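As structure tokens, the structure follows; a few thoughts come after it.
What follows draws every value from the coordinates through simple rules; no lab data is involved. Predicted model, so just to flag it, every value in this text is computed and none were measured. Cβ coordinates were reconstructed from backbone atoms using ideal geometry, including for glycine residues, and neighbour counts include every protein chain displayed.
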Amino acid sequence: MSQFLYVAVDKAGAKRKGIIDSSGLAEAKERIRAQGLTLLQITPKGMKGMRLSKDDLLPFTLQLSELIGAGLPLFESLQTMRQEMGSPKTGPILETLTDEIKKGIPLSQALAKFPETFDARYRALVAAGEAVGALDKVFLRLKTLIEKELKMKRELVSALTYPMILTFFSFIVISVLLLFVVPSVEDMFEGRKMEGLSAIVFGASHILRDHTFTLFFTLFSAGGALWFWRKALQPFLFTLPVVGTLLTRGALGRFSRTLGTLLEGGLPLTEALELSSKVLNHPQLEEVVVRSKEKILEGRRLSYEWRRSKFFPPLVLQLVAMGEETGGLGGAFLKVADLLDTEVEKRSAQLLALVQPLILILLGGVIGLVMVSILLPMSEMAKFQP
């Protein structure tokens, strides 16, 4: 059962608002009208927070493309999807879209009721497809775009999994050494003054044991704060030598794929630039794109404006210039996106291949230091024993 918020007018002309439980939108409308009310508005409860993940959005987009491409009108396509994909996630969205289309509202405007699922570029491409009568091709482009983004995300998660496990394991091992191993041998050195490395390790063990909760709480709080403020930290990350270049190339790849898809979908360059800049998450690059959009309105070329920036590699500028010459700018940006994605994958693999042994070396080094700090005092005690 789903809940629907409604606004209606009774026979006396008074406006009434309420919530009704129903298995679907159509049944909810019938029950409201059966009460003698004239329905003005009805929406699924919590619709603003309702969203589909990219994994759910991909089959949604693909099936809509196939149904429309097969010659089925949009309304019938959505009705068919309601029957086949009427899950708790997609059901309310499809019911709302079907209802809006039945009223004569364009699909691009109906999608705006779910901004967390269908972002500005998705809606812009749908609007362009509606304008030229090529919705099936637009949904195919959107399907390709979502697939590429999901692929990049999965590869990133897969690449980061092993280093994260190593880091977590290292943290556990070092904590166990300082909390349990070092204290178990500390009684052997009672009355002896610790010096050098041994003093540092035994002191760290004391601090960790005496303030365990405080230290762990501070550590997890710092991690949570970094995650919460990750967007504020991004400008700093972009300035780092290797990581900054990698992040910039990744941002350019997302931007190029989005821009190419929008241009191939029929959007004007200035509008496509404005929408594509929102996926950058790179303040300096966004400034360059906004400035270049203003120059294009003055009659300048995009490749000429971008040559003044340090962010665009020569090959990217060359492909953009060729696209401007041949009139195939959308295809040029899609090629740029493929090149940048390949470069990011290669550099990420190289960086992670370097990070993994460094973590192992660090773990081995810390364990070795702890063991040496214990063995040194023991060897000194052995010298003085008869």
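Using the basic label-point model (7 angstrom from Cα toward the beta carbon), what is the Leu362 to Ser158 distance in nanometres?
Output for this residue pair reads 2.5 nm.
Give the peptides 212-219, 147-154, 280-287, 116-123 in descending order of average Cβ contacts within 10 Å, highest first.
Values: 212-219: 11.1, 147-154: 14.5, 280-287: 16.2, 116-123: 18.2.
Ranked from most to least packed, the peptides come out as 116-123, 280-287, 147-154, 212-219.
Of (1) 26, 49, 21, 4; (2) 27, 60, 13, 0; (3) 21, 37, 27, 12, 2, 0, which one was derived for P(r) over Cα pairs in 20 Å bins from 0, in percent from the structure shown?
This structure yields the entry labelled (3).
Go through Lys17/Lys102; Lys143/Lys310; Lys102/Lys278; Lys113/Lys293 and tell me which ones have a Cα-Cα distance over 27 Å in this structure. Kindly include the intermediate steps, with their values, before the conclusion.
On the way: Lys17/Lys102 23 Å; Lys143/Lys310 32 Å; Lys102/Lys278 32 Å; Lys113/Lys293 29 Å.
In this structure, Lys143/Lys310; Lys102/Lys278; Lys113/Lys293 exceed 27 Å between Cα atoms.
Summarise the long-distance tail of P(r) for the range 170-299 by giving the % of C-alpha pairs beyond 17 Å.
Values: 6056 of 8385 pairs.
It works out to 72 percent of all Cα pairs.
Roughly how tilted is helix 54-69, in degrees to the nearest 10 and between 0 and 90, from the longest Cα axis of the chain?
30 degrees
Cβ under 14 Å from Glu298's Cβ, Glu298 left aside: what net charge do those residues give with Lys, Arg +1 and Asp, Glu -1?
The answer is +3.
Lys and Arg at +1, Asp and Glu at -1: add these up for the other residues within a Cβ distance under 9 Å of Met152 and post the number. Mind dumping the intermediate values first?
Numbers: positive: Lys148, Lys151, Lys153, Arg154, Arg254; negative: Glu149, Glu155, Asp341, Glu345.
Residues near Met152 contribute +1 overall.
Choose one of Leu125, Ile101, Phe60: the residue whose Cα lies farthest towards the positive end of the charge dipole of the range 54-147 (beta-carbon charges +1 Lys, Arg; -1 Asp, Glu; about the Cα centre).
Most positive-ward Cα: Leu125.
Run the numbers for Gln35 and Ile19: contour at 0.36 nm per residue of separation, minus the present Cα-Cα distance, in nm.
Working: separation 16, 0.36 × 16 = 5.76 nm, distance 1.34 nm.
Taking 0.36 nm per residue and subtracting the Cα distance, the gain is 4.4 nm.
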